[in-house]
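Okay, structure first, notes after.
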Amino acid sequence: MDNIYLLMIAALVILAITDLIVGVSNDAVNFLNSAIGSKAVSFKTIMIVASLGVAVGAIFSSGMMEVARKGIFNPGEFYFNEIMIIFMAVMITDILLLDFFNTLGLPTSTTVSIVFELLGAAVAMALIKIYSQDGHGIAEVLHYINTEKALEIILGILLSVVFAFSIGGLVQWFSRLLLSYDFEKKAIWVGALFGGLALTAITYFIFMKGLKGTSYANKSFEILGGGTMKNFLETQVLRIVIVSSIFWSLLSYALISFAKTNIYKLIILVGTFALALAFSGNDLVNFIGVPMAAYNAYSAFVESGQLATEFSMEMLAGDKVPTNNWLLFGAGMIMVLTLWFSSKAKGVVKTSLDLSSQGETKERFQPNFLSREFVRIAMGLSQASAFLLPTAWQAKIDKQFQRPTVVMSKEKVHELPAFDLVRAAVNLMVAAVLISIATSWQLPLSTTYVTFMVAMGTSLADRAWGAESAVYRVAGVLNVIGGWFFTAFCAFSAAGLVAYLLNLNLKLMFPLLLVLAFGLILRSYLKHKSKSKQVKAEDQLSLAESTSIQGVIEESADNIASVIKRGNKIYGNAVKGLGKQDLNLLKKCKKNIEKLSDEVDELRDNIFYFIKNLDDSSVNASSFYINILSYLQDITQSLEFIVRATNKHVNNNHKGLKTSQLKELVQVEQALDTYFSQIQAAFDSRSFEQIGEILNDQTVFDMLSEKIQKQVERTRTEESSPKNTTLYFGLLLETKDLLTASMSLLNEYYAANQSSSEVLE
């Protein structure tokens, strides 16, 4: 039986490596968000600075995660076999939970996940022990759990959300009020003062959060009067802040004046390094702390010679156990490599940037009741403040928040930064200050929660959430916060369940759950990789870039060919799915038409940018483009009705269509397939002369009229199901509308092409 614990240690090492990868993929947003969003420097430079921060933080890490050893539960209350089950349950749950959030592209907290997993697994084992003993009630579970520490951690996490958002918003509002968007034109002393304050906050953060917990912090230094760095940082806060502010302000002034340095870019680079260092130095233990605690427990167990069921884990409550530096270095390198190559990390960063972006982005989240009410309240408060403030004051404030106008095509909007250097600097400065204060007060704030909520608070204060985007952005923030509560609940419940299953039969459940976990991770990886390769699909619709009508005609041909090709396939599968009562095929059709409809809607959303970029001599192209999009939308709407109707019919288990009806519907589908194939070929080959020939072919239209009339007669003379009749009439009529929209599109295109050709001649 003892051999299984050695295997569990080996498994925990592998799980730790996996946890490092999925954990960094999620937490990278903490230190990459501001630098990438502001585009202060090149992406390569940002990654190099962040990598250095991660590597240095790993080397100087405090090493052992005290929470894993004695923070959440009382290890002395458990035996070795029980503690190993707790640690294994925690690690299996952690990699699955973090990977789930990575796949969704949502930032969550590795600290919260590990804390609630430890809590859930420990509570589960405690309850098992309690119920196995006679005469003990459920209240006994409090003896096993460090309730005071657990409540402190939970309270700190919740407070971080409120304070980070509020303070971030307040500091950004005053910063923008003082600096405006023309901050680079301000007097040198203004930039120097801002740089001094920001760099003071960030460097103090490096020492407080990054280096305070290291072994070097407890060593005596003569320069500090024989005292330790830790004691100096804790007792001389005011003196450190004053001296640092003066030093950095003078240095900033010198750099701006003589070296022509952009102090805001320097702040962002130093801040990125600081947060990366702090993340690695402190959050590293979230990933390797549990396996290291398990290894320490195993070593003590082997030396004791006792049975696993009798060896108490009181030793885990002892003093901090240092971790091998080479192990920390290796963990740091895994984190650095993940940072460079993880596509899921980029997805999490993108979510944060989209929600804080100053410009327009494709909104991922749909408005809900809470987001709408929040926006209404915020607008009401804004109107009230405008009413109370003198008009002159309000005008001056609005002037400071007035952004420079930059007109670009929508597909080139991504080249603009999500926000400017001032907001990026404020994000880093406020996050550094809050986390430093929390560290000095020994409050385990979540770095993820703080950095994310600071970014959201500065976005609100900076008026990034305008009337057209506010409900979507607020809905996104609420979704992310909801995901955090979901993290805590799932971490607690899942870890408890896994611990229970392992306790039932360790020899069976241990390999089974391990294989299941890695199987799910592999499946997620392969699915994400496949999805990433299809980001720019062959048939995906493209936005118009041309500034002339002839160019728009050429570009629109590809979109029309794509819609016709995909629409033809969707229609054919809908008929096939209806005939075979294949619900899975119909669900696939529904997914495909929703995707196609979304792409057409995106083209319509681009109309503003399209019209803005047209040449003065080609304004008529706008009318053509709008009409084309209208017909494409009519086509997708008809297909949506057809797919929805067939899906509903089969999903409700109604009787299938009669053989005669199916036969006729297949004939229509085949004729339509031929018709659409001709249209697709004409647009693919740019043989626009064929359009006239296609328009003259009324075969499908006549066939539809014939089938409708035949069904009318059939309904009057034969017994038929009302549901079937309604469905069949609906399909035929909507197919007729689909054909009409297609013909209208061809007419519009044919006329525009003829007109354009005459002009060129």
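Scanning segment 693-744 for residues that are free of Cβ contacts under 8 Å to residues at least 24 places away in the same chain and farther than 28 Å from Gln678 by Cβ yields Val712, Glu713, Thr715, Arg716, Thr717, Glu718, Glu719, Pro722, Thr725, Thr726. Close contacts from segment 330-341, counting a first residue that is under 13 Å from Ile59 (Cβ atoms) and a second that is among the acidic types (Asp, Glu) and modelled with pLDDT under 80, with Cβ to Cβ under 7 Å and a gap of 6+ residues or different chains, come to none at all. Pairs are defined by a Cβ separation below 7 Å, a sequence spacing of at least 6 or placement on different chains, a first member in segment 745-757 that is within 10 Å of Leu695 (Cα to Cα) and modelled with pLDDT of 75 or more, and a second member that is part of a helix (DSSP H, G or I) and small (Gly, Ala, Ser); the pairs so defined are Tyr750/Gly692. Evaluation of Ser382 against the conditions (1) at pLDDT below 75; (2) within 22 Å of the chain's Cα centre (by Cα) shows that the sole unmet condition is (2). Asn3 meets all of the listed conditions (1) modelled with pLDDT under 80; (2) under 25 Å from Phe205 (Cβ atoms) but one, namely (2). With respect to Phe683, is the statement that it is surrounded by fewer than 17 Cβ atoms within 10 Å (Cβ to Cβ), among the aromatic types (Phe, Trp, Tyr) and part of a helix (DSSP H, G or I) true? No: the conditions fail for Phe683.
Ala259 meets each of the listed conditions (1) part of a helix (DSSP H, G or I); (2) small (Gly, Ala, Ser); (3) at pLDDT 85 or above apart from (1). Checking every residue in segment 183-206 against the condition of being at pLDDT 85 or above and of a type in the set (D, E, K, R) gives zero matches. Does Phe163 fit the bill of being crowded, with 24+ Cβ neighbours inside 10 Å and at pLDDT 80 or above? Considered against the rule, which asks whether it is crowded, with 24+ Cβ neighbours inside 10 Å and at pLDDT 80 or above, Phe163 comes out as no. Screening Lys612 with (1) modelled with pLDDT under 80; (2) of a type in the set (Lys, Arg); (3) within 31 Å of the chain's Cα centre (by Cα) gives one miss only, at (3). Of all residues in segment 380-393, those that are within 20 Å of Ala470 (Cβ to Cβ) have Cβ atoms under 8 Å from Cβ atoms of residues that are part of a helix (DSSP H, G or I) and modelled with pLDDT of 75 or more, 6 or more apart or on another chain, in Ala386/Gln394. For the residues Lys149, Lys212, the requirement of being among the basic types (Lys, Arg), more than 30 Å from Asn505 (Cα to Cα), modelled with pLDDT under 85 and not assigned by TED's automatic domain parsing to the domain that holds Ser436 singles out Lys212. With respect to the conditions (1) modelled with pLDDT under 75; (2) in a loop (DSSP other than H, G, I, E, B), Leu307 falls short on a single one, namely (1). Each residue in segment 185-199 was checked for being touching a Leu at 6+ places or on another chain (Cβ under 8 Å) and among the β-branched types (Val, Ile, Thr), and 1 of them qualify.
The values are calculated or read from the model by the stated rules, or taken from the named source; none is laboratory data. Quick caveat: nothing in here was measured; it's all calculated off a predicted structure. Virtual Cβ from ideal backbone geometry, glycine too; neighbours counted across all protein chains shown.
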